[in-house]
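What follows is a short report on a single structure.
Readers should treat all values here as calculations from the given coordinates under stated rules, not as data from a laboratory. As the structure is a prediction and not an experimental result, all values here were calculated from the model. All Cβ positions, glycine included, derive from the backbone under ideal geometry; neighbour counts span all protein chains shown.
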Amino acid sequence: MSVTAIGALDGYATLNSADGTQTVFPDRARYRELVRDLRASGFEMLIDLCGVDYLGHPGRSLPDGVVPERFEVVVNVLSLSQKRRIRIRVQVAESAPEVDSLFALYPGSEAMEREAYDLVGINFTGHPDLTRILMPDDWEGHPLRKDFSIGRVPVQFKETPGPR
């Protein structure tokens, strides 16, 4: 599948933004295949990957046929030769928050996928080292989830040294 022409993304739900960026909405089963095809067609840079929690915001703009889920993985790829950017938005179910890793296609995605795992709780199947990157290893939960309890951070005081 060649995606150098705009019409070549037939079969995928798409939206175009005011700045001309095309947004593609593959299902989870075709997500990695789409990114692989984009890579082969000259999209040499993955410039951003993040996880989003839409709990409490179900009315977001989606094309017909795309069923909104609680989570979403958003990927931006760039073709310098074509001077073109494509955004990919994959719906991720709360009951099974996982998508394929893009590490084999874009090794630079490694840290971005770990961050989405650590902060939002989305698992990336096939990732070489899906461990926490920002939070301590013993941290429970994912702090960017909308239902994560804010809680309290205990303050630790050190003893003030006495007179010398």
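Per residue of the range 61-67, what does 6.51 cos²θ - 1.76 cosθ + 1.60 with θ = phi - 60° give for ³J(HN,Hα)? Whole Hz please, x for Gly and Pro, Karplus curve as stated.
Rounded to whole hertz, the list is 7, 9, x, 4, x, 9, 8.
With a point put 7 Å past each Cα toward its Cβ, work out how far Val74 is from Leu55 in nm, to one decimal.
That separation, rounded to one decimal, is 1.9 nm.
Taking the Cα centre of the range 6-97 as origin, work out the dipole magnitude from +1 charges on Lys and Arg Cβ and -1 charges on Asp and Glu Cβ, in debye rounded to 20.
Using only the charged Cβ atoms, the result is roughly 240 debye.
7 Å from Cα along Cα→Cβ at both Lys83 and Thr21: what's the point-to-point distance in nm?
Taking the two extended label points, one gets 1.9 nm.
Ala13 to Asp64: extension gain in nm, 0.36 nm per residue of separation minus the Cα-Cα distance?
Full-extension gain reported as 17.6 nm.
How do Glu44, Glu69 rank when sorted from fewest to most other Cβ atoms within 10 Å of their own Cβ?
Neighbour counts put them in this order, fewest first: Glu44, Glu69.
Within 10 Å of each candidate Cβ there may be at most 11 other Cβ atoms; applying that plus a DSSP loop requirement, which trypsin sites (Lys or Arg not before Pro) in the range 39-80 survive?
Arg60
For Met135 and Glu44, compute 0.36 nm times the residue count separating them, minus their Cα-Cα distance, and round to one decimal in nm.
29.7 nm
Based on the Cα coordinates of the range 51-108, what is the per residue volume of their convex hull in Å³?
Cα convex hull per residue, to the nearest whole number: 113 Å³.
Principal axis extents for the chain, Cα atoms only, whole Å, descending order, please.
77, 33, 31
What residue among Gly108, Gly20, Gly126 shows peak mean-square fluctuation when the chain is described by a Gaussian network model with Cα springs under 10 Å?
Gly20
Dipole magnitude of the chain about its Cα centre, charges +1 at Lys/Arg Cβ and -1 at Asp/Glu Cβ only, in debye to the nearest 20?
Using only the charged Cβ atoms, the result is roughly 440 debye.
Using Stokes-Einstein with the Kirkwood hydrodynamic radius over Cα pairs, what translational diffusion coefficient do you get for the range 6-97 at 25 °C and a viscosity of 0.890 mPa s, in µm²/s rounded to a whole number?
My calculation gives 179 µm²/s for D.
In terms of modelled amide H atoms, which long-range or inter-chain residues lie less than 5 Å from the amide H of Leu130?
Sorted by chain and number, the residues that satisfy this come to none at all.
Based only on other Cβ atoms within 10 Å, what is the fewest-to-most ordering of Asp138, Asp48, Asp100?
Going from least to most buried by this count: Asp138, Asp48, Asp100.
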